[in-house]
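The values are calculated or read from the model by the stated rules, or taken from the named source; none is laboratory data. A quick note: this is a predicted structure, and the numbers were derived from the prediction, not measured. So basically every Cβ, Gly included, is an ideal-geometry build from the backbone, and we count neighbours across all protein chains shown. We work out accessible area using only protein heavy atoms, side chains counted, and drop any ligands, DNA or RNA first. Shrake-Rupley method; radii C 1.70, N 1.55, O 1.52, S 1.80 Å.
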Amino acid sequence: VEPIATLGAPYVGQTVGDLNLGSGELDVAAILNDKVEAYLSLAYDESPPAMIGQRLANSSIDLNMGFVNIGDLDESPFYFTGGQLFVPFGRFSTAMVSAPLTMLIARTKSRPFILGYKSQKDSGLFAALYGFKSDTTLGPSGIGGFNLGYVFDGDSSTGEIGASIISSMNDAGGMQFTGSTPGTTFGGFASPSNGSEAVHKIPAVGAHLSANIDRYSLTAEWVGAFQRFRTQDLSFNGRGALPQAAQLEVGVTFRAFDKPASLGAAYQWSRETLALNLPEQRISGVFN
């Protein structure tokens, strides 16, 4: 449970502040045996009401994730997962407090069936093939994707490199809901005031690299649309948008006041994402 206090000074208008309950979540894990396990996560919804009204009236509890996993990596490198969860597209790893722009533009939660492979060695391949039903209504409803990567675990370095593809970027959370005020700017394809799910599905690709060498860490990721959206679906400067985002993050661990500590910095950028309510550039830092 996380209460939050915010204070901001916009370029135009008065300083604004807020006291709110930022998030709340209850997680339950159940292990039936050594091959079958389940997970259920109930989350409080802190988003403002869709229409004008008291925000306490929107203090609802939703199913965040709920899925069953079948497999035993000690005996077989294959596993199956089904339910409601984030599909294996993108990595979105970060040490920052705020979510990276890559996550905001491309992370996709749905109800997929996933067939996966994970090497039983410390270093080796991992892969996942998945499919789910799209929320968009134009064209076939079936959506699929593939994720492939390699984990390396050496004497002084660890990390992974990978790439993924999804046949519909439209189903990402940041495209379904942009977080803008309802009725003003584009609220996302699922917006009840100015959105539409009757849009052409656009595939997307992504690539990521993460490495830890001694006390130092490096994270890099890029995700982007494979082709331009139709102008009537998502536009930028009068033509179909080609949204993309990237992040570069570095960090170092050390001891401060005899406690484990870390320091990190990140640079992120996005292109043609004005309609999605995302910044063009972001610089972040964290001390833990």
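Taken over the stretch 1-58, the ratio of Cα radius of gyration to 2.2 N^0.38 Å equals 1.77.
Size descriptors for the stretch 106-258, from the alpha-carbon set: Rg then Dmax equal 18.9, 59 Å. Once each of the chymotrypsin sites (Phe, Trp or Tyr not before Pro) sitting in a DSSP loop with at most 10 other beta-carbon atoms within 10 Å is removed, the chain keeps 12-256 as its longest stretch. Note on the stretch 179-263: with charges restricted to the Cβ of Lys and Arg (+1) and Asp and Glu (-1), its dipole about the Cα centre is near 140 debye.
Of the accessible area of the stretch 10-169, with the probe set at 1.4 angstrom, what percent is carbon plus sulfur? Don't skip to the end; give the middle numbers.
Numbers: 5850 of 9550 Å².
Ligands and nucleic acids excluded, carbon and sulfur reach 61 percent.
Among the trypsin sites (Lys or Arg not before Pro) in the stretch 92-164, those placed in a DSSP loop whose Cβ has at most 15 other Cβ atoms within 10 Å are LYS121.
Once the 1.4 Å probe is applied to the protein heavy atoms, the chain comes out at 58 Å² accessible per residue. The label-point distance for GLU280 and LYS109, in a model that sets each label 7 Å from Cα toward Cβ, rounds to 3.1 nm. Using only alpha carbons, the chain has a radius of gyration to Kirkwood radius ratio (Rg to Rh) of 0.97. When shorter helices are ignored and each DSSP H run of at least 4 residues is given -39500 (n - 2.57), the per-residue value for the chain at 222 nm works out to -500 deg cm²/dmol. At the listed q of 0.33 Å⁻¹, the Debye profile of the stretch 87-133, built from one uniform point per Cα, gives log10 I(q)/I(0) equal to -1.13.
For the chain, the Cβ-based charge dipole about the Cα centre amounts to some 840 debye (Lys, Arg positive; Asp, Glu negative; other atoms uncharged). By the rule of a C-alpha distance below 18 Å, with chain neighbours fewer than 8 residues away ignored, the lysines paired with LYS109 are LYS133, LYS201.
Using the alpha carbons of the stretch 128-203, what is the convex hull volume per residue in cubic angstrom, as a whole number?
Working: hull volume 7.6 nm³, N = 76.
Spread over its residues, the Cα hull of the stretch 128-203 gives 100 Å³ apiece.
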